[in-house]
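Visitor: Encoded as structure tokens, here's the structure I'll be asking about.
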Amino acid sequence: MPMAVIVVVMRLHVVDHPLVAHKLSTLRDERTDSPTFRRLTDELVTLLAYEATRDVRTETVEITTPVAVTRGTRLSYPRPLVVPILRAGLGMLDGMTRLLPTAEVGFLGMVRNEETLEASTYATRMPDDLSGRQVYVLDPMLATGGTLVAAIRMLIDRGATDVTAVVLLASPEGVAVMERELAGQPVTVVTAAVDERLNEHGYIVPGLGDAGDRLYGTA
Ligand code: URA
């Protein structure tokens with residue numbers, strides 16, 4: 001009998017919801033100021049987090065209500081790890097941990113060379129051993145895909161068995177790079193939208209501009 005070959009394909013989940021569309025549209029608007037942009041990012045991430053955590057590990061526990069003993073569900077161990085990619089991913093951290101209160105938080109500092117568009121790591125603060133861990137990586141923009149591919153490779157090298165990237169916006173080019181470079185890996189991308197394209201500067205079109213600058217009001 002021929003052996004079955006299981007091909008693992010990256011999962012892409014575009015969250016289709018009127019509240020997500022409304023918040024994203026306001027984020028895109030160039031007139032939205034930094035305080036509003038920060039608040040809407042926080043709210044949008046919480047909505048995306050609801051979908052991103054659909055397969056978070058849980059266990060069944062016994063609960064005593066004021067009326068009876070019953071069975072309930074609780075987030076289980078090992079604790080999920082949330083990793084914002086500095087700087088712009090920091091603006092997504094509270095929105096994510098609000099729904100995942102048991103999560104541990106790691107940090108990854110990555111910067112993209114604006115000429116070559118290559119990503120390099122300048123800071124890492126997370127456990128060396130991620131064996132069996134579910135990891136949620138936060139980066140607002142999946143543009144060229146270089147930063148997220150490098151970040152996810154590092155997490156898988158440390159043993160992560162289930163990695164979900166939560167992004168506000170993705171480009172079709174970035175999604176294709178992730179699908180090619182991370183083929184066969186346990187990776188999911190959750191986003192509010194996949195836009196038209198990348199421009200020659202590596203920005204998503206129509207996009208929302210530079211997410212870090214818009215969150216923090218600095219260049
Ligand atoms: N990073 C951003 O902040 N915006 C883009 O459009 C692309 C990368």
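Rule-based calculations on the coordinates, nothing more; no lab input. The structure presented is a predicted model; accordingly, all values stated were derived computationally and were not measured. Here the Cβ positions follow ideal geometry from the backbone for every residue, glycine too, while neighbour counts run over all protein chains shown.
Visitor: Mind checking the dipole of the chain: about its Cα centre, +1 per Lys or Arg Cβ, -1 per Asp or Glu Cβ, Debye to the nearest 20?
Guide: Its charge dipole is roughly 620 debye.
Visitor: With each label point set 7 Å from Cα along the Cα-Cβ vector, what nm distance links ARG71 and ASP129?
Guide: The answer from the label model is 3.2 nm.
Visitor: Let me ask another. What is the fewest-to-most order of THR124, THR73 by other Cβ atoms lying within 10 Å of their Cβ?
Guide: THR73, THR124
Visitor: Would you look at the GNM of the chain, springs on alpha carbons closer than 10 Å, and say which of VAL45, VAL69, VAL205 moves the most?
Guide: Most flexible of the set in this elastic network: VAL69.
Visitor: Looking at the square roots a ≥ b ≥ c of the eigenvalues of the Cα gyration tensor of region 70-114, which shape do they give, rounded for a/c under 1.5, prolate if a/b is larger than b/c, or oblate?
Guide: prolate
Visitor: Tally Lys and Arg at +1 and Asp and Glu at -1 over the other residues with C-beta under 12 Å from the C-beta of VAL205: what net charge comes out?
Guide: Every neighbour counted, the sum reads -2.
Visitor: Any idea what log10 I(q)/I(0) is at q = 0.18, 0.21, 0.29 Å⁻¹ for region 123-182, Debye with uniform C-alpha scatterers and no solvent?
Guide: Summing over Cα pairs of region 123-182 leads to -0.61, -0.80, -1.24.
Visitor: Another one. Using DSSP, restrict attention to beta bridges with both residues in region 129-219 and report what percent are antiparallel, rounded to the nearest 5.
Guide: 10 percent
Visitor: Further, regarding this structure: Subtract the Cα-Cα distance of GLU43 and ASP16 from 0.36 nm times their separation in residues, and report this length gain in nm to one decimal.
Guide: Net length gain for the segment: 8.2 nm.
Visitor: Right, here's the next one. Quick one: Karplus J couplings for region 122-132, per residue in order, coefficients 6.51, -1.76, 1.60, θ = phi - 60°, nearest Hz, x for Gly and Pro?
Guide: Ordered by residue, 3J(HN,Hα) equals 10, 7, 9, 9, 6, x, 5, 9, 10, 3, x Hz.
Visitor: Need the full-extension length gain, ARG87 to ASP213, defined as separation in residues times 0.36 nm minus the C-alpha distance. One decimal, nm. Each step should come with its number before you reach the end.
Guide: Numbers: separation 126, 0.36 × 126 = 45.36 nm, distance 0.96 nm.
The span from ARG87 to ASP213 would gain 44.4 nm if fully extended.
Visitor: Shifting gears a bit: Give the angle, between 0 and 90 degrees and rounded to the nearest 10, that separates the Cα long axis of helix 172-181 from the longest principal axis of the Cα atoms of the chain.
Guide: 60 degrees
Visitor: Still on this model: Given R₀ = 35 Å, what would the calculated FRET efficiency be for GLU196 paired with PHE107, taking r from the Cβ atoms and rounding to 0.05?
Guide: Calculated transfer efficiency: 0.65.
Visitor: Further, regarding this structure: Return the single residue from PRO206, PRO80, PRO186 with maximal mean-square fluctuation; model: Gaussian network over the chain, springs between Cα atoms under 10 Å.
Guide: PRO206
Visitor: Among ILE63, ILE152, which comes first, second and so on when ranked by fewest other beta-carbon atoms within 10 Å?
Guide: Result, fewest neighbours first: ILE63, ILE152.
Visitor: Restricting the calculation to Cα positions, tell me the Rg (one decimal) and the Dmax (whole number) of the chain in Å.
Guide: In Å, with Rg to one decimal and Dmax whole: 18.1, 64.
Visitor: Oh, and also: Hey, with R₀ at 41 Å, roughly what FRET efficiency would THR58 and SER120 work out to, going by the Cβ-Cβ distance, to 0.05?
Guide: Calculated value: 0.65.
Visitor: How would PHE107, PHE37 line up from fewest to most surrounding beta-carbon atoms within 10 angstrom?
Guide: PHE107, PHE37
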